[in-house]
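Please treat every number below as a calculation from the coordinates, not as lab data. The structure presented is a predicted model; accordingly, all values stated were derived computationally and were not measured. Heads up, the Cβs are rebuilt from the backbone with ideal geometry, glycines too, and the neighbour counts pull from every protein chain shown.
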Amino acid sequence: MNPAALLVGVLLPAAVAGAIFFAAWGLGSKAARADASAPAPAAAIAIGAAGMAGFGQLFGWQFLPRESWLWLLWVFPLAGLLGAVEAREGIPATLRFGLRLTLVAGALALVLRKVLWSTGGELQWQKLAIYGAVPLLLASLWRALLTPMGAVVGAGVLWLLTSATAAMLLFAGSLKLAQASGVAAAALGALAVACWLRPSPRAMAGAITPVAVVLSMLVFLGIEYGYAEYSPWLFALIALAPMFGASGLVRRHWARLFLIAIPVGIAVALAFRTYDTSAL
């Protein structure tokens, strides 16, 4: 891919997300930045819109693609819209879970339908159960762990997990999926800056469900279509890394980010050992 096109594909989602945060969170107003109650739905919308823009820029605006992974173009806005509703304050727990379940079901139907239910074959119930449960569990786990860490650190952890996933997908031979993950990481970079300007843990948490679903789909696609020579459990190590920062012995949020980075770095390093660098 043309390096210039790749650069635009990364900068565009950051710019789109940044523009949404600037408008929705009032980052140009000193009074607004002093208010910690920024709207959480804006984070989900920013991730969805930025992801769609970056993905379309990199891989083309194929609205009815033939290849399964290209349907990620629609997963981003779906995650943004349903994630925005799910992030609204006062939503009943049952409705929130229903929205997450609808999002996961829609994402699986878009990008993994051929894997789960091939033409003339039987529905792969075991895979469906695993691929459906993982993003639901991650959305709940990350929300519980990252929100108490504060807005900036929470956004930083999301960026770290997404960037590490991009590296892992690259080492699995899935360059295009790695680039798609990089698009999400660029949007999360804008989230981190916005959270620094207007720290709002609840607003930051609005991005968690969309990120959990998008990353899960990317990883599942990498497992199904990639050529990884490392254990897929390394993805689990990255996904569960926020648990390492949940220790009550560490009070400083930035220290928790460092603890989370340790297992993430180990997973990436182990995956890199299996990567054929002669192709570089």
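Quick notes on this one:
- Rounded to whole numbers, the Karplus 3J(HN,Hα) couplings from phi for the stretch 223-229 are 5, 6, 10, x, 10, 5, 9 Hz, using 6.51 cos²θ - 1.76 cosθ + 1.60 with θ = phi - 60°, and x at Gly and Pro.
- Prolate/oblate/rounded call for the chain, Cα gyration tensor, a/c under 1.5 rounded: rounded
- Förster radius 51 Å - calculated FRET efficiency between F272 and A109, Cβ distance, rounded to 0.05: 0.95
- Hits among aspartates and glutamates - C-alpha to C-alpha of K127 under 13 Å, sequence gap 8 or more where chains match: E224
- Cut-off 13 Å, label 7 Å out along Cα→Cβ of V8, residues of the stretch 59-81 by amide N: 59-61
- Working note: Karplus 6.51/-1.76/1.60 with θ = phi - 60° gives the stretch 193-203 the couplings 5, 4, 5, 5, 6, 9, x, 8, x, 5, 5 Hz, where Gly and Pro are set to x.
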